[in-house]
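**Q** Structure provided below as structure tokens; questions to follow.
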Amino acid sequence: MRRTLVTTPFALLRAGLLATLVAATTGATPPRQDAARAALEKASAAYARLKTARGTFEQTLTNPLTRNTSRSRGEYQLQRATGKWSLVFSDPKGDRVVDDGSALWIYVPSTNPGQVIKLPSQGAGTGIDLLDRFLADPASRYKVVDAGAATLGGRAVRAVSLTPNRPMEFTKATVWIDPSDGTLRQFEVTEQSGLVRRFTFTTVTLDGKVDASAFQFTPPKGVRVFDQTRAGR
């Protein structure tokens with residue numbers, strides 16, 4: 001007599017549990033997690049080879065308490081070896097953030113007219129820049145979890161969730177990576193204050209010409225400089 005195999009819900013559940021157990025005991029990694037780690041490793045390797053970067057960006061800041069969202073856009077430039085970088089805003093026009101390798105200058109007359117904040121450089125000649133915190137040795141700095149495939153600006157990207165292993169200025173982050181070339185296309189961070197910052201690179205040019213003047217900042221006449229580089233001295 002020919003026997004018919006009947007698959008019951010219990011059998012399916014048991015099979016699923018068995019597969020999970022086998023994966024756990026053999027150290028197997030789910031395919032999606034493999035894809036996330038591969039994308040992050042490719043992005044880290046591409047970043048290590050990077051000399052310069054330039055492009056346009058859009059940024060949104062969301063306050064979860066007030067539910068207010070502000071939007072801005074502008075141009076980003078990076079000189080990898082020195083860690084110098086700059087954001088020059090076209091909207092709101094006149095705002096600038098510049099790390100000149102000695103100090104980080106924050107000038108946002110759109111919200112704080114008449115003042116400049118001067119902070120210790122994130123680079124200070126060490127090569128630390130806006131992208132370093134995500135792409136320099138990320139496997140040892142974060143718990144890495146796949147956040148799924150997505151499309152960004154018509155490109156297929158892989159979203160990767162990063163949770164810091166040690167305290168940072170943000171509690172969690174998500175990066176969107178183009179798996180074809182390892183380019184970081186977008187990142188989002190939740191800062192200690194709860195503020196959510198999303199930064200999208202709308203255009204990217206790698207290893208091209210950058211403007212030396214972009215990494216220089218002189219406080220405008222009449223503004224007050226709040227110098228935080230001397231704090232604790």
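**Q** Regarding region 48-129, what are the three Cα extents along the principal axes, ordered largest first, in Å?
**A** 39, 26, 25
**Q** If you count, for each residue, the other Cβ atoms within 10 Å and average over each peptide, how do 110-118, 169-177 line up from highest to lowest?
**A** On the way: 110-118: 13.9, 169-177: 19.8.
Result, highest mean first: 169-177, 110-118.
**Q** Under 15 Å from a label point 7 Å along Cα→Cβ of residue 171: give me every residue in region 186-212 with its amide N that close.
**A** Only 189-197 fall inside the zone, counting backbone N under 15 Å.
**Q** For region 93-110, list residues with backbone N below 14 Å from a point placed 7 Å from the Cα of residue 228 toward its Cβ?
**A** Inside the label zone: 97-99, 103-108.
**Q** When the Cα atoms of region 30-227 are enclosed in a convex hull and the volume is divided per residue, what value in Å³ results?
**A** Once divided by residue count, the hull of region 30-227 is 128 Å³.
Each reported figure results from applying straightforward, stated rules to the coordinates on display, with no laboratory input. Small disclaimer: the values here were computed from a predicted structure and weren't measured. Ideal geometry is used to build each Cβ from the backbone, glycine not excepted, and the neighbour counts take in all protein chains shown.
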